[in-house]
Amino acid sequence: MKLRFFCLAALLSGASLMPADAQVLPLRPKLENPESFSMILLPDPQSYTKFDANQPIFELMTAWCVNNADSLRVKTVICTGDLVEQNETRIPDGVNGNQTSEEQWRAASRAFERLDNRLPYVLCTGNHDYGYYRSENRMSRFPDYFPSERNPLWRKSLVSTGLNYKGIPTLENAAYEFESDTWGKLLVVSLEFAPRDEAIKWAKELVAQPKYKDSKVILLTHSYLSWTGRHIEKENYLISPANYGKAIFEKLVVPSPNLRLVLCGHECEISDYEGNVSFRTDRNAAGRTVAQMMFNAQTADNQWHGNGGDGWLRILEFMPDGKTIKVRTFSPLLAVSALSCDKAWRTAPYDQFDIVLD
């Protein structure tokens, strides 16, 4: 499939194509169709935030989102959760991170500061964002660092918040609305990790409201698909009650005729790229196609404790036909240097493909 990028020579000979204040880069993605818009998908950032030396990579990724917001016509940035490695620890072991939880949350917060008042973004919580090390309970610092007042642009896009385990409305369960001429209204619903029945009920009732009848609903949740493409049925976390992929699919995805796309992260293997992504389609109760995509990159360099994921993200281009989404896998980290930009696209069929919603 043809790659879409500017090479260094094109940039130098055609500088008028770029905004006056844009950095001249050896490789800069562009939309395949200028009438499209995009959403940027950031995979689990926990390994960027758990090591102090890795933090700049994640900040580079969010800075790249802002720097390309106009050229890629970015509607929103979406992150699959696990913002930190440990939600509540004071003594890092130096192996699975050298930062305390406070330092990790500050690192995640600082990266997303680059988007505040520039782009709306949608986050979900992962298993590492709860408890002490990983979901021993539903205690989380997420609401402290990401209150609904944080990004002024949420005043235009945030349309609903559900209740967390304490009965408090937070962005752990939230919905955001976006609109375009070609796709109409898009509702992005974010669900907490292993959502409780109450959270699923809130989401189901929300998307069933008459005002969202004709919207295309995108569900974001952390644990849903395995790398083999199956719906996850159970995991060995102490957090309870909990619903994983299969239960979310049966209780929320199937009965919701307007829910058309599910995005998740969480799963990864020490393997090649194919072991860290998956995709499947199913039919909901109304007979409509539901596309479901898992994307994670924290072991992209074949290590649990490497650099965090080589900067990989996905560009989701929503084509003007109102039904096709082009998925491309790209690394701003590799693209920033003329010596590595030839490696900045992942082009295998599982990393570069089209989603068509009938």
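Given the conditions (1) closer than 21 Å to SER36 by Cα; (2) surrounded by fewer than 20 Cβ atoms within 10 Å (Cβ to Cβ), which single one is not true for PRO257?
Looking at each condition in turn, PRO257 falls short on (1).
Suppose we keep only residues that are touching a residue at least 40 places away in the same chain (Cβ under 8 Å) and more than 16 Å from the chain's Cα centre (by Cα) within the stretch 322-336. Which one would you say is surrounded by the fewest Cβ atoms within 10 Å (Cβ to Cβ)?
Applying the filter and picking the extreme gives GLY322.
Can you find, within the stretch 190-217, the residue that is most open to solvent (accessible area, probe 1.4 Å) among those that are touching a residue at least 60 places away in the same chain (Cβ under 8 Å) and not polar (S, T, N, Q)? Outline the logic, then answer.
Quick first cut of the stretch 190-217, residues touching a residue at least 60 places away in the same chain (Cβ under 8 Å) only: 190-194, 216.
Subsequent filtering for residues that are not polar (S, T, N, Q) retains 191-194, 216.
Numbers: LEU191: 0, GLU192: 2, PHE193: 0, ALA194: 1, LYS216: 51 Å².
If we take residues in the stretch 190-217 being touching a residue at least 60 places away in the same chain (Cβ under 8 Å) and not polar (S, T, N, Q), then LYS216 is most open to solvent (accessible area, probe 1.4 Å).
For the stretch 26-145, list the helices (runs of 4 or more DSSP H) that sit wholly inside it and hold at least 3 residues that are within 16 Å of ALA297 (Cβ to Cβ) and either open to solvent by 50 Å² or more (accessible area, probe 1.4 Å) or not small (Gly, Ala, Ser) (or both); which are they? Explain how you work it out, then say what you get.
Working: elements: 46-49, 55-67, 101-113, 142-145.
Here the list reads 46-49, 55-67.
Scan the stretch 160-167 and give yes if some residue there is of a type in the set (S, T, N, Q) and within 18 Å of the chain's Cα centre (by Cα), otherwise no.
Checked the stretch 160-167: no residue is of a type in the set (S, T, N, Q) and within 18 Å of the chain's Cα centre (by Cα).
The values are calculated or read from the model by the stated rules, or taken from the named source; none is laboratory data. Note that the coordinates shown come from a computational prediction; the quantities given were computed from them, not determined experimentally. For neighbour counting, all protein chains shown are included, and Cβ atoms are generated from backbone atoms with ideal geometry for every residue, glycine included. Surface accessibility is based on the protein's heavy atoms, side chains included, excluding ligands, DNA and RNA. Shrake-Rupley method; radii C 1.70, N 1.55, O 1.52, S 1.80 Å.
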